[in-house]
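> Quick one: structure below, then a few questions.
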Amino acid sequence: MNIPILSTEDFYTAVHRYMQSVDPTWEEDQWRGHQVQEEALLPTILGEAPNCAILDCTCGTGIQAISLARLGWQVTATDITAASLDIARRYSHQMGIHVDFRRCDVRHLESLFPPMFDWVISCMALDNLTLDTELQQACDAILRVLKPGGKCYIRLRDFDTILSARPRYDLKEEHHTVNGRIIRLEDWEYESDAHVICIYVFLQEDLTTTQGHWSTNIFAYRRRALRKVELEGFLRKTGFQDITFLSQPSPWSPYSVIAGRHPE
């Protein structure tokens, strides 16, 4: 498939602009549904919040960060994509929730923060870093901003399952607008055992024409096919201890891992 491969930042910015252009409420409906799910899930993993400082170091549009702030955590949140941070700030303002949002590359967290956090979390994002050196830098940076005895929580796609099955054209959603349906497919191109191209395919119906018309919008970017054993290796090399993979509801669910910094 001969389509441009965008940077991570350009990919998420382009998808946001497309969804806003066809229906400004589309992303908001998605966001609020995910936020309710995260607000129920995160306390079962992280525990209670009293006097705990947490950094969401790849916060995206702020779903986890705002959920944690609503639960009483002292939340700081960073991301590299300015468009995503703008959305996060808007939702936190609308909900009257304080989160300290800052723009920062996950590999350079120590440029903004000392070792001050009880927890650092990253959900569905570290595999945006495509090189092993970048992933090692990110794990190192997470460790350096944790207090002694602090913990990190990482959630990622299960590429062990994805690379084994090699799925194509997975139907993700069908959205209805006044002018017709929009169908979003997720496709994968398998470059190697280490890298995949993630592709969003939007099929947009236009009922304003006599016979109806479909158009296609495609956005793609490269991901690191990060297997569990590889992530564990990066964490161990950094110096994390007590690395624990949590149980998955199914092989197709994301996997999660908790690891700790030495109490010193």
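Values in this text are rule-based calculations from the coordinates and carry no lab data. Since we're looking at a predicted model, the values are computed, not measured. No Cβ is skipped: glycine too gets one built from the backbone with ideal geometry, and neighbour counts run over all protein chains shown.
> Sequence gap at least 6, Cα distance under 8 Å: using those rules, report the relative contact order of the chain to the nearest whole percent.
It rounds to 18 percent for the chain.
> If you don't mind, there's one more thing I want to ask. Grab the beta carbon distance between Met116 and Val178, set R0 = 51 Å, and tell me the FRET efficiency rounded to 0.05.
0.60
> Could you work out how far apart the two model spin labels at Ser253 and Glu48 are, taking each label as a point 7 Å from the Cα in the direction of the beta carbon, and quote it in nm?
2.6 nm
> To continue, here is another question. Could you pull out every residue, at least 5 positions away or on a different chain, whose amide H is within less than 5 Å of the one on Thr58? Hs are placed 1.01 Å off N in the peptide plane, and Pro or chain starts have none.
Thr78, Cys123
> Right, next: At 7 Å along Cα-to-Cβ for each site, give me the label-to-label distance between Leu6 and Ala82 in nm.
Here the modelled spin labels are 1.6 nm apart.
> Now for a different question. For the stretch 139-205, state which GluC sites (Glu not before Pro) are in a DSSP loop and have at most 15 other beta carbons lying within 10 Å of their beta carbon.
Glu191
> What does the net charge come to around Glu205 if you take all other residues with beta carbon closer than 15 Å to its beta carbon, with K and R at +1 and D and E at -1?
Neighbourhood net charge equals -2.
> Still on this structure, I have one more. So, R0 is 41 Å and r is the distance between the beta-carbons of Arg236 and Arg168; what FRET efficiency does that work out to, to 0.05?
For R0 = 41 Å, the calculated efficiency reads 0.75.
> Using 0.36 nm per residue of separation minus the Cα-Cα distance, give me the extension gain between Arg144 and Glu186 in nm, one decimal.
The Arg144-Glu186 span can extend by a further 11.6 nm.
> Label 7 Å along Cα→Cβ of His108; the stretch 9-27 residues with amide nitrogen under 20 Å?
Inside the label zone: 9-13.
> For the chain, modelled as a GNM with alpha-carbon contacts under 10 angstrom, which of Thr78, Thr58, Thr209 fluctuates the most?
For the chain, modelled as a Gaussian network with Cα springs under 10 Å, the answer is Thr209.
> Loop only by DSSP, 13 or fewer other Cβ within 10 Å of the Cβ. Give me the trypsin sites (Lys or Arg not before Pro) in the stretch 135-244 that pass, ordered by residue number.
Taking the stretch 135-244 and a limit of 13 other Cβ atoms within 10 Å, the loop trypsin sites (Lys or Arg not before Pro) found are Arg168.
> Sticking with this structure for a sec: Where in the stretch 24-78 are there GluC sites (Glu not before Pro) that are in a DSSP coil and have at most 14 other Cβ atoms within 10 angstrom of their Cβ?
Those satisfying the criteria are Glu48.
> Which length gain, in nm to one decimal place, applies between Arg89 and Glu28 when the Cα-Cα distance is subtracted from 0.36 nm times their residue separation?
Full extension of this stretch gives 20.6 nm more.
> Taking θ as phi - 60°, what are the ³J(HN,Hα) couplings along the stretch 149-155 by the Karplus curve (6.51, -1.76, 1.60), each to the nearest whole Hz, with x for Gly and Pro?
Each residue of the stretch 149-155 in turn: x, x, 10, 10, 10, 10, 10 Hz.
> In the chain, what percentage of the DSSP-assigned beta bridges are antiparallel, given to the nearest 5?
The answer is about 65 percent antiparallel.
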